[in-house]
Amino acid sequence: MKQKYDVAAYVWPSYTGDEPRSRIFWSEGYGEWQTVKNVKQNSVDKPQDYVWDRKPLWGYVNEANPDVMEMQINCASRHGVNVFIYDWYWYDNRPFLENCLNDGYLKARNNDLVKFYLMWANHDANHMWSIDNSDELDDKVIWHGDVTFETFQTIVDRWITKYFSHPSYYKIDGKPVLMIYSITKFLQSFGGTEGAQAAIDYFRKEVKKAGFPGLHLQLVYNAFEGFDYDGRFGGTPGDAYELLDFDSVSHYNMGKQSERNKDYSEIIKDHQKGYDEMDAAGRLYFPQVSLGWDNNPRYRKFHPYIMKNNTPENIKKALIQAKKYADTHKLPAPLVIINSWNEWTETSYLQPDNVNGYGYLEAVKEVFTENE
């Protein structure tokens, strides 16, 4: 099987109980699988005609177990997914949910088959992940995502020494790739654009000092994220991309939550609209495909914003569209990003389930790989 594309899927590293602090969200001790497994019990306040009955074909496995990850890596590789983008967190002066990466992926004997890189998920942590508190305390912050410059120095050192040096770390032109999720929190951390640029300059300098030719810094374009910076109200992630020294941009999800309550045939058009907007702005953009949206498993009250008909057949159309974008643009790497590998509680995952089987993975394989 040949493959000329780098097909990357986000990894939400919550499907393990090995992180002690995760018990405040998932007390049963096996991570957010608790929410997935108990979804019927959690859905008592939803309309009678609403059904969410997804079950993982692989079971409620511990993704911090290297044997489990060896199985998943083999499956991903066979189906054309050859990069994992790990959500990476830093809360309360230390890492959070690193176990899936450190103890699962990095200890898997076959991690040369699927490369990885980090997305710094530097948003606040609130009670959204806890089914007992999400309806009433969704916006109440538990840990803040912004950091001091001194803390950022510690984080940068950890990224470089623990991850960038790994032979499977994903690079573009020899430069390790790192993605930043929230530009709002990044600006808040350093007091505005001047301080944020100083932090980026420091980061780039340290990466070069470690022997790499440079850093490839990505920004997540969050459509919902507007902010005030340097006294200017109504700023957008696009403004930050222009003002700061980022190398590229992509999406995590397409559109605002309120814009996702559509048939997937319309969502495909929204993807193309997003691609066109990035082109019009002259940004170096790597195409992204959102597989779906329904975050009701995390709440007892009903959230009406749900993507419909996100069948493997429709997903394949979106993947073909992303492939066409990669083929028709002069990108420094043939990178296409998918949300996601395992966002079960947002109903956006490639992993096989009782509804579509291996359908999504087969769609990726059909679009991005070719037989010898």
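Residues in the stretch 189-210 that are more than 18 Å from Asp157 (Cα to Cα), out of contact with any Leu (no Cβ under 9 Å at 6 or more places or on another chain) and among the polar types (S, T, N, Q): none.
Please indicate, with yes or no, whether at least one residue in the stretch 288-301 is at pLDDT below 95, out of contact with any Cys (no Cβ under 7 Å at 6 or more places or on another chain) and over 18 Å from Arg54 (Cα atoms). Yes, that holds for at least one residue. Condition check for Ser165 on (1) over 24 Å from Gln197 (Cβ atoms); (2) in contact with a helix residue (DSSP H, G or I) (Cβ under 9 Å, 6 or more places away or on another chain): one failure, at (2). If you go through the stretch 19-35 and keep only what is assigned to a helix (DSSP H, G or I) and either acidic (Asp, Glu) or surrounded by 20 or more Cβ atoms within 10 Å (Cβ to Cβ) (or both), you end up with Ser22, Trp33, Gln34, Thr35. I'd like the full set of residues that are among the aliphatic types (A, V, I, L, M) and in contact (Cβ under 8 Å) with a residue 60 or more places away in the chain, limited to the stretch 72-102. Passing the criteria: Ala76, Val81, Val83, Ile85, Leu97, Leu101. Residue under question is Asn62, and the condition is that it be touching a Ser or Thr at 6+ places or on another chain (Cβ under 6 Å), farther than 30 Å from Glu370 by Cβ and among the polar types (S, T, N, Q); does it hold? So Asn62 passes the test. Scanning the stretch 282-304 for residues that are in a strand (DSSP E or B) and touching a helix residue (DSSP H, G or I) at 6+ places or on another chain (Cβ under 6 Å) yields a total of 2. Residues in the stretch 245-276 that are part of a loop (DSSP other than H, G, I, E, B) and either more than 22 Å from Lys330 (Cα to Cα) or β-branched (Val, Ile, Thr) (or both): Asn253, Met254, Gly255, Lys256, Arg260, Asn261, Lys262.
Select from the stretch 44-71 the residues that are within 17 Å of Trp341 (Cα to Cα), in contact (Cβ under 8 Å) with a residue 60 or more places away in the chain and not hydrophobic (A, V, I, L, M, F, W, C) and write down the one among them that is surrounded by the fewest Cβ atoms within 10 Å (Cβ to Cβ). Of everything passing the filter in the stretch 44-71, Lys55 is surrounded by the fewest Cβ atoms within 10 Å (Cβ to Cβ).
When residues in the stretch 268-283 are screened for being surrounded by 17 or more Cβ atoms within 10 Å (Cβ to Cβ) and either among the basic types (Lys, Arg) or over 22 Å from the mean Cα position of the chain (by Cα) (or both), 1 of them pass. From the residues in the stretch 72-103 that are surrounded by fewer than 20 Cβ atoms within 10 Å (Cβ to Cβ) and polar (S, T, N, Q), which one is nearest to Asn310 (Cα to Cα)? Step by step, filter the stretch 72-103, then rank; the result is Ser77. Within the option set Ser265, Ser250, being surrounded by fewer than 14 Cβ atoms within 10 Å (Cβ to Cβ), more than 30 Å from Gln41 (Cβ to Cβ) and polar (S, T, N, Q) holds for one residue only, Ser265.
Restricting attention to the stretch 305-343, the residues that are in a loop (DSSP other than H, G, I, E, B), touching a Pro at 6+ places or on another chain (Cβ under 9 Å), without any contact (Cβ under 8 Å) to a residue 60 or more places away in the chain and buried (at least 21 other Cβ atoms within 10 Å of the Cβ) total 0. Here Tyr15 meets the list (1) aromatic (Phe, Trp, Tyr); (2) at pLDDT 95 or above; (3) surrounded by fewer than 22 Cβ atoms within 10 Å (Cβ to Cβ) almost entirely, failing just condition (3).
The values are calculated or read from the model by the stated rules, or taken from the named source; none is laboratory data. Treat the numbers as computed from the prediction; the structure is a model and nothing was measured. Cβ: placed from backbone, ideal geometry, glycine included. Neighbour counts: every protein chain shown.
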